[in-house]
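Just below is one structure, and these are the notes that go with it.
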2 protein chains.
Amino acid sequence: MSDASLWTALADPHRRAIVGLLLERPRPVGEIVEACGLSQPSTSKHLRVLRDAGLVRVRQDAQRRVYALDPAPIAELDAWLAPYRELWNRSLDRLGQRLDETSDHHDTSQPTPKD
Amino acid sequence: MSDASLWTALADPHRRAIVGLLLERPRPVGEIVEACGLSQPSTSKHLRVLRDAGLVRVRQDAQRRVYALDPAPIAELDAWLAPYRELWNRSLDRLGQRLDETSDHHDTSQPTPKD
DNA sequence: GTGCTGTATTCCTTGACCGGAATATAACTG
DNA sequence: CAGTTATATTCCGGTCAAGGAATACAGCAC
């Protein structure tokens, strides 16, 4: 459920901006509205999407609602990314090998099998 | 350009499936069509989006076009994710601390400062 | 209670995207 | 050259998401 909506939630630049704001600290809606330059209803709708994706939590503080990041879905993204990161590391290795020919040794965390 | 389209490119489940297929090995279009169960034009259009996002490269092999992953944008995603990963690690730390306390004395109530 | 502040939801319109069908293009074969 | 295979592009109809305006709702102050 939150798996499918997670990507689409982060596909929107405004929502990524909101998530970036909430990375610094939890914020009430009004602060997000001001920082993003969006209208209040639009901001609330984006926050709804982020909430449905499980990316943010709300805490009620008098009339204000303070939104905060929930790190769990981020870990989900990270898990998805893991196998691709390996691919990236392999390509870095190849690049490092090419650079080795001209500059000094750049140690990578993975022992390179020399054949 | 590829920055904005990177997220939207990966927002589509079919395209994530294609990327997953290309993680195993480079493949010609026909193979992707068969594996994904999409029509050939639809697959080509998705591949176009992935190519515009810089996620895949094409190599011509006779009449076939062999698509392969380009790891660079993945690293971009990873870089975006990095600050959030720290947040995740901090929350894991707090969870571990709570689990440590409850393993000592069987008490699930955390020390809440009452104000 | 009334009024005020902060936030959420609904309605509506516009624009983007997806999939299918048909067509176009490119490369090989004979 | 014509014919065939492999892939890309265009056109079209339906669906979905985004933003604005107006409104509804909740919590506080008086």
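Tabulated values for the structure
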| item | result |
| --- | --- |
| For A:Arg65, label point 7 Å along C-beta direction: distances to other copies, nm | 4.5 |
| Ascending list, in nanometres, of distances separating the B:Gly37 label from those of the other copies (7 Å, Cα toward Cβ) | 4.4 |
| Average partner coverage of A:87-99, which counts Cβ from other chains inside 10 Å | 2 |
| Inter-copy spacing of A:Asn89 label points, which lie 7 Å from Cα along Cα→Cβ, given in nm from shortest upward | 1.5 |
| Rounded FRET efficiency, nearest 0.05, which uses the C-beta distance separating B:Gln60 from B:Asp12 and R0 of 22 Å | 0.30 |
| Shielding of B:14-25 by partner chains, average beta-carbon count, 10 Å | 1 |
| Pairwise Cα inverse-distance average, inverted: Kirkwood Rh of the range B:11-75 (Å) | 11.6 Å |
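Read-outs: derived from the displayed coordinates by stated rules, not from any lab. Because the structure is predicted, anything quoted here is derived from the model rather than measured. Every residue, glycine as well, gets a Cβ built from its backbone with ideal geometry; the counts of neighbours run over all protein chains shown.
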